[in-house]
Amino acid sequence: MVKKLFLFITLLHCLCSLALAAEFTATIDRGTIALNQKLVLRLRLVDASPKSSPDFSGIRKVFDILGTSRSTRSQWVNGQSSSLTEWQMSLAPKKIGSVSIPSISVKTGDGVLKTKQLAVKIKKAKPTPAKDEKIGVFIENSVSRKKPYKYEPFIYSVKLYTADAAENIRFEPLKLEDVSVKQNGSHSIYLSEYKGVEMNVIEVSYIITPLKHGPITIPKLKISGMHISMQGNRFDGIFGSFFGNQAQGDLFTRKSREFLLQSKEIKLDIQPPQKGATPWLPAQSISLKESLSSDEFRVGMPITRSITTIATGLTGKQLPEGGAGLRDNGDFQIYSETPEFTNNIKGSLISSSRKDTYSIIPQKAGEITLPVIRLKWWNVLKSRPESASVPARTIKIAPSRMITAPEEDKAGKPGSSENAIKIGDNSASNSAWGFGADGGFANVLAYLFLAIFGAGGVFLLYHFVDLSSLLKLLQKFRLTPVNSKEMAGGQAVLAQGQAVSDIIAKPAIALKDIDSVSSARELYEFLNKYAHYHFQTPSNSSLGKIFASMEKSCADIKEEQYKNIIQKLEDSLYAGKEIDLASVRLECAELLKLAKKKQPSAKKRASSELPKLNP
């Protein structure tokens, strides 16, 4: 009898152990779906503790994982404990046909557990609506400009309207070719009235900049999510006043329903740039504003000049340098600071600014003229060219405070009664030599020390320096007038009031300077200056003219070699597109090397532009 009882207890224990054995299972909500529908996969882990998340790598090969949630609960039943861990996944199929959800594994305290494979049949996509009538959710999408120009940014916005709450909302990424797409910050959520009904709005907007002209199509954009509604009897008043929102929440039933909507596609016609417009700046408005640091200007003291470009319809990075015409000359030197950019998007309107700040250091006293600054742009609203400008400004420069000239009498003649030293008046000479009231014997010792030091210097020069060579070197820089023969020989002399920098030609733009270029804008400015010096192109030439001048000077350069370079630089300059600057810079350097080999007279031209200074 005891043996039978022991056997029965052992068998019962085995049955209980089997009942509580760990298991890992997978189920789907349906076996057949359309390509544009979603599939819900549930994974259940019973009576086991997961050491890590399940391996979903096999699922990603045939499905996109739109979302994953996890829940865990445990309970006691008749003295026995049980646990349940559940994963719920929302999947979107990638292709049509019969596919399988592979076996999924998870590491637990009882070892590695695996699910069985599941078969799913994917059909052709059904038309996805832009509105779900049953739950009151719909989409609206629009563009700020239907016929924008090439490199003219515009706003594309997508709005999801819902009368109730929604969660797990997912916007499909916007993918377009031949355009630059940047999302305008994160999504925004707000309340808006639609046909007299207050609704929740979730909006996502993009800044799209066309990189080519011609027709483009903004594709349909899918939006999925979970619609949440509360159903039941509403008891306001007594319950609301005593229990607030908690009482209402307990009396309502929360129901959720997944939705998948699709926006309408939008077709656009991108207008080409106007010929001869360099730089190409399609905008609604552009203006220039100037500011100077102070009203007092002296030699050697920096003047801060700021040029602010204000635009509507362009981003800050698309605006060119405001003071591009400011260059060093004999009157002043220019030092530029890092520009400041601002961008502001309000509704469908893009406004921006660029502030360029320059330190201008006057080199001589008198009047200097800051040249006019003019910026040409294309008015997209009136379809005509316009320009913004800052007028030329003439500034009076006072001498430096460090150098003071002797005063003259009213007649302007030296030697007047006030300035002349009177005969018999020993106060001036005595004071100068240190014997006056304000002098002292220490000054005599100072002069004696200077005399000894000067004699020692003459002795060293006489014994260790070739005086004839020194005199010849100094003779080269004499500022005395030369005779007519020297003038006929082409030697240059300094006119009265002329600075040395006025007649010394600036050094040529070297090809090695391209290595210091750090942006697309700097690369364009380098190419412009280099081509102007070496190939005699006009200042502020377009990229097309610059590379065409290289092709003209070298038969080995073909249009196919630089056409792609122009496209990349223009996309960066006018659309703010990121490029591989190092590779573009290298390609430009290679073309410039080819063109330079075919320019044997470049050095001769550079040397002929440097005037002689009385050798």
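The values are calculated or read from the model by the stated rules, or taken from the named source; none is laboratory data. Computed from a predicted model, the values in this text were never measured in an experiment. Note that each Cβ is placed from the backbone with ideal geometry, even for glycine, and that neighbours are counted across all protein chains shown.
Would you call Ser157 of a type in the set (Gly, Ala, Ser), outside any loop (DSSP other than H, G, I, E, B) and either closer than 22 Å to Gln271 by Cα or in contact with a helix residue (DSSP H, G or I) (Cβ under 9 Å, 6 or more places away or on another chain) (or both)? So Ser157 fits the description; yes.
Which of the residues belonging to the stretch 195-222 are charged (D, E, K, R) and assigned to a strand (DSSP E or B)? Hits for the stretch 195-222 are Glu198, Glu203, Lys222. Does the stretch 82-98 contain any residue that is in contact with a helix residue (DSSP H, G or I) (Cβ under 8 Å, 6 or more places away or on another chain) and assigned to a strand (DSSP E or B)? Yes, the conditions are met somewhere in the stretch 82-98. Taking the criterion of being closer than 15 Å to Lys94 by Cα and either exposed (fewer than 11 other Cβ atoms within 10 Å of the Cβ) or of a type outside the set (Val, Ile, Thr) (or both), the residues of the stretch 41-79 that qualify are Ser57, Gly58, Arg60, Lys61, Phe63, Asp64, Leu66.
Considering only residues in the stretch 580-590 that are of a type in the set (A, V, I, L, M) and buried (at least 17 other Cβ atoms within 10 Å of the Cβ), the one that is farthest from Glu559 (Cα to Cα) turns out to be Leu581. Can we say Ser52 is modelled with pLDDT under 90, assigned to a loop (DSSP other than H, G, I, E, B), among the hydroxyl-bearing types (Ser, Thr, Tyr) and over 26 Å from Phe171 (Cα atoms)? Yes. Among what's in the stretch 184-231 and is polar (S, T, N, Q) and surrounded by fewer than 14 Cβ atoms within 10 Å (Cβ to Cβ), pick the residue that is modelled with the highest pLDDT. Per the criteria, the residue is Thr217.
In the stretch 289-333, the residue that is modelled with the lowest pLDDT out of those that are part of a loop (DSSP other than H, G, I, E, B) and of a type in the set (S, T, N, Q) is Ser294. Taking the condition buried (at least 18 other Cβ atoms within 10 Å of the Cβ) and farther than 30 Å from Val204 by Cα, does Pro282 pass? The answer is no for Pro282.
Is it the case that Tyr524 is among the aromatic types (Phe, Trp, Tyr), in contact (Cβ under 8 Å) with a residue 24 or more places away in the chain and within 22 Å of Ser180 (Cβ to Cβ)? It is true that Tyr524 is among the aromatic types (Phe, Trp, Tyr), in contact (Cβ under 8 Å) with a residue 24 or more places away in the chain and within 22 Å of Ser180 (Cβ to Cβ).
Being touching a helix residue (DSSP H, G or I) at 6+ places or on another chain (Cβ under 9 Å) and in contact (Cβ under 8 Å) with a residue 40 or more places away in the chain is true of Asn329. Gln561 meets each of the listed conditions (1) part of a helix (DSSP H, G or I); (2) crowded, with 18+ Cβ neighbours inside 10 Å apart from (2). Among the residues of the stretch 333-372, those identified as under 19 Å from the mean Cα position of the chain (by Cα) and among the charged types (D, E, K, R) are Glu337, Glu340, Arg354, Lys355, Asp356.
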